[in-house]
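Undergrad: First the structure, which I've put down as structure tokens, then a few questions once you've had a look.
The values are calculated or read from the model by the stated rules, or taken from the named source; none is laboratory data. If you're wondering where the values come from, they're calculated on a predicted model, not measured in any experiment. We place every Cβ from the backbone using ideal geometry, glycine too, and count neighbours over all the protein chains shown. SASA here: full protein model, heavy atoms, side chains in, ligands and nucleic acids out. Shrake-Rupley method; radii C 1.70, N 1.55, O 1.52, S 1.80 Å.
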Amino acid sequence: MLSNAIKSELSWLFSSFLVVFFFAWITGLWLASFSAYFIYYVFRHLLNMSRFERWMDRRSSTYSPPDSGFWEELSYLVNKKQRALEKHADINLYKSEQFKAASMLIPDAIVSLDKRDNIEWFNPISKTMLGMRHQDIGCKIESVIRQPEFIQYLRRGQFDKALTLTAIQHQSRTFEVRIFSYFEDHKLVVVRDITELYQLAQIRRDFIANASHELRTPLTVLRGYLEVMLDTPGSHQNAWQVPLQHMETQAHRMQAIIEDLLALSTIESGSINRSKSVVSVASLLHQIEKDAQRLGGVNHKFSFEIDDHLTLEGYEESLKSLFMNLVSNAVRYSPEGGDIKVRWFKHNQQAVFEVIDEGIGIAQEHIPRLTERFYRVDADRSRGTGGTGLGLAIVKHVLERHNGQLQIDSVVGKGSCFRCVFPLSSK
Ligand code: ADP
């Protein structure tokens, strides 16, 4: 199949050849006619080529495209392609205008970053929320959002959890920062003002903390009197002996719950305003090793494998509470004589704390819910062993404060492994 351009050229060639042939036949000037024809043919091509080039170069109404033969067809094709491209560009422009208009309505600040974390684009609300200015485009995001927590979060590159910032650009509001990776290592930073939500959560946390605190003193008084009454000589023959003992057990349980609620709200609200320090986890664990019998594990066989040089940047008291809760659970949910292995080691550039028991195990369907407050697989067993239902909730919050993760492997009737994975200390 011949292309249109070739067809058009052949038809021009044929008709012009006929004219020249007829002229030569009449005049008898065969050589001169065909030589002139050949020169004209080459000259015409050169002329059209130059017109085509000028037209392509300027593409204005002053320069018209060649209008015969091969070059006319070629100009037509180029023109057609160009119009299609212009239409496509118009659609893209329309879409980008539409996207910009929509982004103006979004109440969250959105900033797009390139591979090197330089600002590429931001929506209008970023100006008021983050104090962005037009001249910040092309600058590093760290030079605009300068909070050390944000810089650390950005550098760590783990964006599965949002970051809460209590101030940006000296505003006393609370912001939730989320970062999404997209299109060839680009990032989208989405900042939401969550001041009202945060205040509500704070009111809830304060209420629990205050209520627990208020209940602590009356309960201590009650327990004191109960102990005195139980210790009074001859009380074992008293008809009140059993009810008193029952009351003492329940008061003890209430006190344990209150202590755990207080610990939880302290960790959760981050009211431990001290900065992180380098914690010698090994010495904490050696202390727990010595006290292991006190946790109830009189008849359990403990083995501690501790890397004495592996430290962690964090909060000592919270970490101690995490370790104690996991070891105490292993004791409470294992039969007497069961092996309990406690390990603290470095693996894949991470610090790992592991407690492995040969206890009752946990069915898979319960595992995702274990860290919810007061969630128990078997409430009676938990209460019977002095559980408050808050131990793993405390573990979860301590891990969150240390950017750690909890992994639970368990087989019913065989035992469980609770693994806490921490990022390595940078100091
Ligand atoms: P509790 O005070 O009831 O132990 P936790 O929050 O510490 O509360 O644990 C929640 C639930 O998880 C427990 O009630 C128990 O059912 C289950 N659990 C925790 N640790 C273990 C373990 N080592 N073996 C088996 N079950 C466990």
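Undergrad: Springs between alpha-carbon pairs under 10 angstrom, Gaussian network model over the chain: which of S64, S103, S126 fluctuates most?
TA: The residue that fluctuates most here is S64.
Undergrad: Treating the beta-carbon of each Lys and Arg as +1 and of each Asp and Glu as -1, no other charges, what is the dipole magnitude of the chain about its Cα centre, to the nearest 20 debye? Before the final figure, lay out each step's value.
TA: Working: 50 positive and 49 negative charges, 236 e Å.
Computed about the Cα centre, the dipole is about 1140 debye.
Undergrad: Of K127/K187; K161/K396; K7/K87; K95/K161; K161/K341; K100/K187, which ones are farther than 21 Å apart at the Cα? Intermediate results must be reported in sequence, preceding the final value.
TA: Working: K127/K187 19 Å; K161/K396 14 Å; K7/K87 29 Å; K95/K161 31 Å; K161/K341 31 Å; K100/K187 18 Å.
From the list (K127/K187; K161/K396; K7/K87; K95/K161; K161/K341; K100/K187), the Cα-Cα distance tops 21 Å for K7/K87; K95/K161; K161/K341.
Undergrad: Throw me the Rg/Rh for the range 4-93, computed over C-alpha atoms with Kirkwood Rh, two decimals. Spell out each step's value before the answer.
TA: Values: Rg = 17.8 Å, Rh = 15.2 Å.
Taking Rh as the inverse mean 1/r over Cα pairs, Rg/Rh reads 1.17.
Undergrad: Summing -39500 (n - 2.57) over the DSSP H runs of n ≥ 4 in the chain and dividing by its residue number, what mean residue ellipticity at 222 nm do you reach, to the nearest 500 deg cm²/dmol?
TA: Numbers: 11 runs with 215 residues, N = 427.
Result for the chain: -17500 deg cm²/dmol, rounded to the nearest 500.
Undergrad: Would you kindly calculate the translational diffusion coefficient of the range 277-423, applying Stokes-Einstein with the Kirkwood radius from alpha carbon pairs, for 25 °C and a viscosity of 0.890 mPa s, and quote it in µm² s⁻¹ without decimals?
TA: Numbers: Rh = 15.3 Å.
Rounded, D is 160 µm²/s.
Undergrad: Amide H of V279: which non-local residues (sequence gap of 5 or more, or other chain) have their own amide H closer than 5 Å, using H built in the peptide plane?
TA: Distant-sequence amide H within range of V279: L312, E313, G314.
Undergrad: Label points 7 Å out from Cα along the Cβ direction at F23 and E289: separation in nm?
TA: 11.1
Undergrad: How do V327, V411 stack up against each other in accessible area, from largest to smallest, with a 1.4 angstrom probe? Could you put the intermediate results ahead of the total?
TA: Details: V327 0, V411 80 Å².
Largest accessible area first, the residues go V411, V327.
Undergrad: Now a separate question. Round to the nearest 10 and report in Å² the accessible area of H366, as given by a 1.4 Å probe over the protein chains' heavy atoms.
TA: So the heavy atoms of H366 present about 40 Å² to solvent.
Undergrad: Excluding residues fewer than 8 places away in the same chain, name every one of the aspartates and glutamates whose C-alpha is closer than 13 Å to that of K140.
TA: In chain and number order, the partners are D114, D117, E120.
Undergrad: I would also like to ask the following. Mind checking which lysines have their C-alpha under 17 Å from K346, skipping anything on the same chain fewer than 8 residues away?
TA: Of all the lysines, those that pass the test against K346 - Cα under 17 Å, at least 8 places apart if same chain - are K427.
Undergrad: Quickly work out the A89-to-Q245 label distance, labels modelled 7 Å from Cα along the C-beta direction, and quote it in nm with one decimal.
TA: Spacing of the two 7 Å Cα→Cβ label points: 9.2 nm.
Undergrad: Could you please put T195, T217 in sequence from largest to smallest accessible area, using a 1.4 Å probe? Don't skip to the end; give the middle numbers.
TA: Values: T195 10, T217 90 Å².
Descending accessible area places them as T217, T195.
Undergrad: Highest GNM mean-square fluctuation, the chain, Cα pairs closer than 10 Å: which of A282, A32, A292?
TA: A32
Undergrad: Based on alpha-carbon centroids, what's the gap between the range 324-369 and the range 154-212 in Å, whole number please?
TA: Spelled out, the Cα-based centre of one part sits 32 Å from the other.
Undergrad: Might you work out the accessible area of W55 for me, using a 1.4 Å probe with all protein chains in place, and round it to the nearest 10 Å²?
TA: Here the accessible area works out near 10 Å².
Undergrad: Counting only the heavy atoms of the protein chains, how much of Y225 is accessible to a 1.4 Å probe, in Å² to the nearest 10?
TA: The value for Y225 is about 150 Å².
Undergrad: Quick one: Debye curve from the alpha-carbon atoms of the chain only, equal weights, vacuum; give me log10 I(q)/I(0) at q = 0.07, 0.08 Å⁻¹ to two decimals.
TA: Values, matching the q order: -0.59, -0.68.
Undergrad: Heavy atoms only, 1.4 Å probe, whole protein assembly: order K161, K115 by accessible area, highest first.
TA: Details: K161 105, K115 125 Å².
My answer, sorted largest first, is K115, K161.
Undergrad: Quick check: Cα centre of the range 1-30 to Cα centre of the range 383-427, how many Å?
TA: 92
Undergrad: Can you tell me the length gained on complete extension of the stretch C417 to E53, counting 0.36 nm per residue apart and subtracting the Cα distance?
TA: Numbers: separation 364, 0.36 × 364 = 131.04 nm, distance 7.62 nm.
Extra length from C417 to E53 when fully extended: 123.4 nm.
Undergrad: Helix 195-231: angle to the longest alpha-carbon principal axis of the chain, degrees 0 to 90, nearest 10?
TA: Taking the Cα atoms of the chain, the angle to 195-231 is about 10 degrees.
Undergrad: To the nearest 0.05, how large is the calculated FRET efficiency for L197 and H170 if R₀ is 30 Å and r is the Cβ-Cβ distance? Walk me through the numbers on the way to the answer.
TA: Details: r = 21 Å, r/R0 = 0.71.
Efficiency, from the Cβ-Cβ distance: 0.90.
Undergrad: Rounded to two decimals, what is the ratio between the C-alpha radius of gyration of the range 106-193 and 2.2 N^0.38 Å?
TA: Values: Rg = 11.7 Å, N = 88, 2.2 N^0.38 = 12.1 Å.
In units of the globular-protein estimate, the range 106-193 measures up at 0.97.
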